[in-house]
Amino acid sequence: GECSAFKERFMECLRHSGYESAACRQRAMAYLECRMERRVQLMANEPLEKLGFKDLINEKSEEKPEK
């Protein structure tokens, strides 16, 4: 149940978007990150790029302010 909050946010997004998964990719990525980071190894650790989130990772890095 360590990632259940992430799963619930993802499921809520799906319900609100009429089950349009593309609208919920940020939440899907957060849920998968949670599963990969847990010590009990809920999921094999894979680069998010290989899981289809390369564009979201690029957006995330562009949002960081430069120093």
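The values are calculated or read from the model by the stated rules, or taken from the named source; none is laboratory data. All values reported here derive from a predicted model rather than from experimental measurement. Positions of Cβ are generated from backbone atoms using ideal geometry, with glycine treated the same way; all protein chains shown enter the neighbour counts. Keep in mind that these areas ignore ligands, DNA and RNA; they rest on the heavy atoms of the full protein, side chains included. Shrake-Rupley method; radii C 1.70, N 1.55, O 1.52, S 1.80 Å.
Summing Lys, Arg as +1 and Asp, Glu as -1, what charge do residues with Cβ under 13 Å from the Cβ of Leu14 carry, Leu14 excluded?
Details: positive: Lys7, Arg9, Arg15, Arg25, Arg27; negative: Glu8, Glu12, Glu20.
Neighbour charge sum, excluding Leu14 itself: +2.
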Under 19 Å from a label point 7 Å along Cα→Cβ of Leu48: give me every residue in the range 6-36 with its amide N that close. 6-14, 21-36
Please give the length that would be gained between Glu37 and Glu8 if that part of the chain were fully extended, namely 0.36 nm times their separation in residues minus their C-alpha to C-alpha distance (nm, one decimal). 8.7 nm
The range 3-60 - Rg and Dmax from Cα coordinates, angstrom: 11.7, 34
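How large is the accessible surface per residue of the range 3-60, computed with a 1.4 Å probe and reported in Å² as a whole number? The partial results should precede the final answer.
Numbers: 4000 Å² over 58 residues.
Each residue of the range 3-60 exposes 69 Å² on average to a 1.4 Å probe.
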